[in-house]
1. In a helix (DSSP H, G or I), within 20 Å of the chain's Cα centre (by Cα), touching a residue at least 24 places away in the same chain (Cβ under 8 Å) and closer than 20 Å to GLY146 by Cα: is that true of ALA38 in this structure?
2. Kindly list the number of the only condition in (1) farther than 17 Å from LEU102 by Cβ; (2) not in a helix (DSSP H, G or I) that fails for VAL161.
3. Tell me which residues, restricted to the range 114-131, are touching a Gly at 6+ places or on another chain (Cβ under 9 Å), in contact (Cβ under 8 Å) with a residue 12 or more places away in the chain and in a helix (DSSP H, G or I).
4. Confirm whether THR268 is among the β-branched types (Val, Ile, Thr) and buried (at least 22 other Cβ atoms within 10 Å of the Cβ).
5. Looking at THR198, is it surrounded by fewer than 19 Cβ atoms within 10 Å (Cβ to Cβ), β-branched (Val, Ile, Thr) and at pLDDT below 95?
6. Out of the residues in the range 123-139 that are farther than 20 Å from GLY204 by Cα and within 16 Å of the chain's Cα centre (by Cα), which is modelled with the lowest pLDDT?
7. Listed residues ARG209, ARG270; which is closer than 19 Å to GLY146 by Cβ and basic (Lys, Arg)?
8. If I go through the range 1-48 residue by residue, how many of them are among the hydroxyl-bearing types (Ser, Thr, Tyr) and at pLDDT 95 or above?
Amino acid sequence: MNVWVEAARPRTLVAGIVPVFVGTAASDRWVALRFIAALIVGVGVQVGVNYANDLFDATRGVDRDDRVGPRRATAAGLITPARMGVGVAVAFGAAALAGLYLAAVAGPGLIAVGALCFLAALGYSGGPRPYASAGLGEIFVFVFFGLVATIGSAYVQIEGVTAAAVVAGVAVGCLATAILVVNNLRDIESDRRSGKMTLAVRLGRARTRTLYALLLLLAAVALIPLMVTVGSPWPGLAVVAAPLGARAAHLVVTRTDGPGLIDALGATARLQLLFGLGLAVGLWIS
């Protein structure tokens, strides 16, 4: 696999893609260029966050040889810190250009939202006090890859906020957060040794597993008010992902080894993708 593709962590990219599909479906029209631009923003920010996390964790000494997860490009010496910094700039730059187009067609207020997203993304693992190390990473993911991304994707289509997009953003955010939770569960021991105090490190393995299960449950429960909001049962199509949810939860609860939790991460990403596609199709039909 190309080292840049590997460093982008393809399994996590659904967190930037799904809210665009769901948010667009929660609006009452579809403008292709706006949809494509929103997709570039979503993926660009996700890739930028992953590159930045790779870079900052390497320079802080967080990614050590005893890490059980997939290798990190900067720490492994596959990409120099300077080149990874360029990668971060390119990813965020692509997202910024697409965002400026959206601001031009849907309103300049999006510039402020975009700037806040970039600052939050860089502060995740960078800066003097990265909040991922303060146990706040899950809040960042829920807010920006759930609520902001879903509501924003609807906004750029209709230049307004819909109740359906807000409720759908809760479901999407729960599953995006679940991806981070299982990732941090896998790295709990190495993060503890390196002093990276993620929420998983603070909660411990048992309570982190409970948090993961609650996030999956909340995503499913959110379908009920969403169906009421749109006046249709069709958003319930998202339950087609239930078998994937059961498998992912089983892996998280029963496995403590690196390969098992890497499989759990992949299963959670596939769960969000199938849940999101089912939800988007249901919203379109509604």
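The values are calculated or read from the model by the stated rules, or taken from the named source; none is laboratory data. Note that the structure is predicted; figures quoted are calculated from it, not measured. Glycine also receives a Cβ, built like all others from the backbone with ideal geometry; neighbour counts cover every protein chain displayed.
1. Numbers: in a helix (DSSP H, G or I): yes; within 20 Å of the chain's Cα centre (by Cα): yes; touching a residue at least 24 places away in the same chain (Cβ under 8 Å): yes; closer than 20 Å to GLY146 by Cα: yes.
In short, yes.
2. (1)
3. The answer is GLY114, CYS117, PHE118, ALA121, LEU122, TYR124, SER125.
4. Values: among the β-branched types (Val, Ile, Thr): yes; buried (at least 22 other Cβ atoms within 10 Å of the Cβ): yes.
Judged against the criteria, THR268 is a match.
5. Values: surrounded by fewer than 19 Cβ atoms within 10 Å (Cβ to Cβ): no; β-branched (Val, Ile, Thr): yes; at pLDDT below 95: yes.
In short, no.
6. Out of the qualifying residues, it is SER125.
7. Working: ARG209 fails: closer than 19 Å to GLY146 by Cβ.
That would be ARG270, the only listed residue that is closer than 19 Å to GLY146 by Cβ and basic (Lys, Arg).
8. The initial filter retains those residues of the range 1-48 that are among the hydroxyl-bearing types (Ser, Thr, Tyr), namely 12, 24, 27.
Next cut, at pLDDT 95 or above only: 24.
Within the range 1-48, residues that are among the hydroxyl-bearing types (Ser, Thr, Tyr) and at pLDDT 95 or above number 1.
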